[in-house]
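The values are calculated or read from the model by the stated rules, or taken from the named source; none is laboratory data. Everything quoted here is computed from the prediction, not taken from an experiment. A quick note on method: Cβ atoms are made from the backbone with ideal geometry, for glycine too, and the neighbour counts reach across all protein chains shown. Please note that ligands, DNA and RNA were not included when accessible areas were found on the heavy atoms of the full protein model with its side chains. Shrake-Rupley method; radii C 1.70, N 1.55, O 1.52, S 1.80 Å.
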Amino acid sequence: MDRYAVFGNPIGHSKSPFIHAQFATALGEQLQYDAILAPLDGFADSWQRFVSAGGKGGNVTVPFKEQAYQLAERLSDRAKQAGAVNTLYIDSAGKLCGDNTDGIGLVADLKRLGVNLADINVLLLGAGGASRGAIGPLLDAGVRQLVLANRTVTKAQAIATHFDQRVEARAYADIPGRDYQLVINATSAGLNGERPDISAAHLEHCQLAYDMLYGSANTPFLQWAKEQGVPLQADGLGMLVAQAAEAFYIWRGKRPEIAPVLKLLKQQLAQ
Ligand code: NDP
């Protein structure tokens, strides 16, 4: 049976084995998908062992996405733009290929939520790997202007140099007054019970507040957006399932449906 796995540290919390098992069942694919705890200084060895034992492909999560980027012999344009790899596979020439499906997963989830990205202004908060990976796919989907704001503005400025003038880097206190129809929180502030410190005025025209973080309860950012009267809030669980669906498509050539698996995961989180 073809073997796949997600590599991370820690990895016990990962929902990827469940998600891929559901995809495989739904599409009648015979495969095994495991979670592998790689040592912090041993990702490359862990991957090589897996491939030597017949592993066909992998997902990569925190903190190995940059190491996977270095390890890959061929990189997709999406991976190059993101500066990180979350999906690995061996191509027909035996080369190790790295792709990044996080950003395309976000866009797929936004479309599922009914967002028309063409010609809108987006405020993207955070300048880590997840934020950088989202920018290319958001621009490809037709976003007019994207303000990339971060607590440490130099990080946002460094990312903006990889894109054209549609991307503008700002500090939180310096975000231009504009009609932002979509505000995305790509910071990890919610893990500490915090939200990015931006003015409520930036939410005035916002139709959807999106937080890449997910969990059983509303994140602090989504709770705040709700209090400010933003009509729709969504967390990153849909993005998680959608990025996994893209990885499954890369490996198996079949694109799974997102909605049924998302429903099951939401039920699990509510328990
Ligand atoms: P990184 O560690 O690379 O970046 C963290 C970012 O959060 C930085 O911009 C940092 O700002 C900012 N930050 C942290 N704490 C605060 C705070 N208290 N106030 C304001 N900003 C803060 O993380 P990632 O980019 O990998 O991930 C970001 C989030 O996205 C995480 O919550 C992660 O779980 C989520 N994610 C979700 C995915 C999904 O499929 N749903 C996929 C990938 C990520 P500074 O630069 O100033 O330190």
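If a residue has to be of a type outside the set (Val, Ile, Thr), more than 19 Å from Gly98 (Cα to Cα) and in a helix (DSSP H, G or I) to count, how many in the stretch 21-55 make the cut?
Qualifying residue count for the region: 6.
If we keep just the residues of the stretch 56-71 that are β-branched (Val, Ile, Thr) and assigned to a loop (DSSP other than H, G, I, E, B), which is most open to solvent (accessible area, probe 1.4 Å)?
Taking the candidates together, the pick is Val62.
Six or more apart or on different chains, Cβ under 6 Å: which pairs go from a residue in the stretch 24-51 that's more than 11 Å from Gly8 (Cα to Cα) to one that's assigned to a loop (DSSP other than H, G, I, E, B) and of a type in the set (D, E, K, R)? Could you list them?
Leu27/Lys254
Looking at the stretch 185-193, is at least one residue near the ligand (Cβ under 10 Å from one of its atoms) and over 24 Å from Asn86 (Cα atoms)? Walk me through it before giving the result.
Looking only at the stretch 185-193, we keep the residues that are near the ligand (Cβ under 10 Å from one of its atoms), and these are 185-193.
When the remaining residues are screened for being over 24 Å from Asn86 (Cα atoms), the result is 192-193.
Scanning the stretch 185-193 turns up at least one residue that is near the ligand (Cβ under 10 Å from one of its atoms) and over 24 Å from Asn86 (Cα atoms).
Please go through the stretch 17-49 and pick out each residue that is acidic (Asp, Glu) and surrounded by 13 or more Cβ atoms within 10 Å (Cβ to Cβ).
Within the stretch 17-49, Glu29, Asp34 qualify.
From Ala200, Ala225, Ala217, which residue is more than 10 Å from the ligand (Cβ to nearest atom) and either of a type in the set (Val, Ile, Thr) or open to solvent by less than 40 Å² (accessible area, probe 1.4 Å) (or both)?
Within the list Ala200, Ala225, Ala217, the selection yields Ala225.
Can you find, within the stretch 141-152, the residue that is farthest from the ligand (Cβ to nearest atom) among those that are touching a strand residue (DSSP E or B) at 6+ places or on another chain (Cβ under 8 Å) and open to solvent by less than 40 Å² (accessible area, probe 1.4 Å)?
Going through the stretch 141-152, the residues touching a strand residue (DSSP E or B) at 6+ places or on another chain (Cβ under 8 Å) turn out to be 143-150.
Subset that is open to solvent by less than 40 Å² (accessible area, probe 1.4 Å): 143, 146-150.
Numbers: Val143: 19, Leu146: 15, Val147: 14, Leu148: 10, Ala149: 9, Asn150: 5 Å.
That would be Val143.
Would it be correct to say that Ala108 is at pLDDT 95 or above, among the aliphatic types (A, V, I, L, M), open to solvent by less than 50 Å² (accessible area, probe 1.4 Å) and assigned to a helix (DSSP H, G or I)?
Answer is yes for this residue.
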